[in-house]
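Report on one structure; see the data block that follows.
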Amino acid sequence: LEPRKNLVNLIKAFLKAGEDNYKLLIVGASNSTVFNNPELEEFRKNNSIIFLGYVNDLILAGLYKNAKLFTYISYYEGFGIPPLEALVSGCPVLASNVSSMPEILGEFAEYCNPCDVDDISEKIKTMIQNSKRVSKEEIKKISSKYDWKKSSLLFLRTIQEIYSGDGKIR
């Protein structure tokens, strides 16, 4: 629940969207010693927002499969595995239009400005009202692009191209 995850803007946008039939479930461990945010703590009192904390992979998979929408509106991400997991589970994704998100998620996600609560709110509302699951064909495209075995072989090939074998990097 660190600041770069932008949870305060997400919560404000969710509440502003007025989708009272839905709950905002926030998954992830917190470290209040390092990331103590009094504003975030105030939202814990709201019955529409549920902080689940850490969940195991089985529960996480169930959340992805049953969610109406998955949001990932971080200010910064190096890669962003959770939105990919959501997509391959068939869950529609709303992500930040900054950092690596557009490059990683491409055409398969919707995007918003993480600094603009109104933009986030409108996208949440629109996606909840018009949401459709990610198709099996789209899941295949995403899965083939980010296959672990293929990625590790590409990484190994890159290391072999850089390293000449004599201890010197080319």
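The values are calculated or read from the model by the stated rules, or taken from the named source; none is laboratory data. The shown structure was predicted, so the numbers you read here are calculated from the model rather than taken from an experiment. Every residue, glycine as well, gets a Cβ built from its backbone with ideal geometry; the counts of neighbours run over all protein chains shown. Ligands, DNA and RNA are excluded from the accessible area calculation, which covers all protein heavy atoms including side chains. Shrake-Rupley method; radii C 1.70, N 1.55, O 1.52, S 1.80 Å.
Observations
- Prolate/oblate/rounded call for the stretch 86-129, Cα gyration tensor, a/c under 1.5 rounded: oblate
- Here the Gaussian network model covers the chain, with springs between Cα atoms less than 10 Å apart; of Arg157, Arg133, Arg44, Arg157 fluctuates the most.
- Ranked from largest, the principal axis spans of the Cα set of the stretch 1-87 equal 31, 31, 22 Å.
- Total charge dipole magnitude, the chain, about the Cα centre, Cβ charges on Lys, Arg, Asp, Glu only, Debye to nearest 20: 520
- GNM on the chain, alpha-carbon springs under 10 angstrom: the most fluctuating residue among Ser143, Ser121, Ser151 is Ser151.
- Fraction of beta bridges assigned by DSSP in the chain that are antiparallel (%, nearest 5): 10
- Highest-fluctuation residue, Glu122, Glu85, Glu137 considered, GNM on the chain with Cα pairs under 10 Å: Glu137
- Per DSSP, loop chymotrypsin sites (Phe, Trp or Tyr not before Pro) in the stretch 125-160 with at most 16 further Cβ within 10 Å: Tyr146
- The accessible surface of the stretch 59-160, taken with every protein chain in place and a 1.4 Å probe, is 58 percent carbon and sulfur.
- Fully extending the segment from Leu25 to Glu39, taken as 0.36 nm per residue of separation minus the present Cα-Cα distance, adds 3.3 nm.
- Residues of type lysines that Lys68 reaches as a straight line, Cα spacing below 29 Å, ignoring anything fewer than 8 places off in the same chain: Lys5, Lys12, Lys16, Lys23, Lys45, Lys123, Lys125, Lys132, Lys136, Lys140, Lys141, Lys145
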